[in-house]
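Student: Quick one: structure below, then a few questions.
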Amino acid sequence: KMLSCAGADRLQTGMRGAFGKPQGTVARVDIGQTILSLRCKDQHEAQAIEALRRAKMKFPGRQKIYVSRNWGFTKFHRDIYEEWRGIKKLIPAGSHAKYIADHGPLSAWK
């Protein structure tokens, strides 16, 4: 602790911690990397975009809000997801979906 003459009402740290151990936490983010991902119903899309717009003010730099064409966090487009789910080609499994291929052993088709 350092206290000296004038202005000694505040505690100073001086050169303490100037070199050596890191202090704090930081994330290395690449250009184009997803920072936040949000899933919501279609009726709440406007509120979700507004929430992300407000959240991006808290991050340094420039962020873009991108509305995905995929269903939830899956890799399937919305129209394909609904079509394949109707013909039992996709099985919902939580936040993702399992794809049932048209090939494989005959024992799996029973």
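The values are calculated or read from the model by the stated rules, or taken from the named source; none is laboratory data. Every value quoted in this text rests on a predicted model; they were computed, and no experiment measured them. Counting neighbours? That spans all protein chains shown, and the Cβs are built from the backbone with ideal geometry, glycine included. These area figures cover heavy atoms from the full protein model, side chains too; ligands, DNA and RNA do not enter into them. Shrake-Rupley method; radii C 1.70, N 1.55, O 1.52, S 1.80 Å.
Student: Based on what the data block shows, is G61 at pLDDT below 90, within 29 Å of G32 (Cα to Cα) and part of a loop (DSSP other than H, G, I, E, B)?
Tutor: Values: at pLDDT below 90: yes; within 29 Å of G32 (Cα to Cα): yes; part of a loop (DSSP other than H, G, I, E, B): yes.
Yes.
Student: If you don't mind, there's one more thing I want to ask. Report, ordered by the first and then the second residue, all pairs with beta carbons closer than 7 Å, sequence separation of six or more or different chains, a first member in the range 41-63 that is under 24 Å from V26 (Cβ atoms), and a second member that is in a helix (DSSP H, G or I) and not β-branched (V, I, T).
Tutor: Cβ pairs passing all conditions: Q63/K56.
Student: For the range 71-105, give me each residue that is of a type in the set (D, E, K, R), surrounded by 10 or more Cβ atoms within 10 Å (Cβ to Cβ) and part of a loop (DSSP other than H, G, I, E, B).
Tutor: Within the range 71-105, K75, K89 meet the criteria.
Student: Further, regarding this structure: Can you tell me which residue within the range 24-46, out of those that are farther than 18 Å from M57 by Cα and open to solvent by less than 80 Å² (accessible area, probe 1.4 Å), is modelled with the highest pLDDT?
Tutor: E45
Student: Can you tell me which residue is farthest from the chain's Cα centre (by Cα) among those in the range 48-70 that are under 28 Å from E83 (Cα atoms) and open to solvent by 80 Å² or more (accessible area, probe 1.4 Å)? Break it down stepwise before answering.
Tutor: Taking the range 48-70 as the starting set, the residues that turn out to be under 28 Å from E83 (Cα atoms) are 48-49, 65-70.
If we keep only those that are open to solvent by 80 Å² or more (accessible area, probe 1.4 Å) too, we end up with 66, 69.
Details: Y66: 12, R69: 16 Å.
Among those residues, the one meeting the criterion is R69.
Student: Taking the stated definitions as given, is A108 at pLDDT 90 or above and part of a helix (DSSP H, G or I)?
Tutor: Here the answer is no, as A108 does not meet what is asked.
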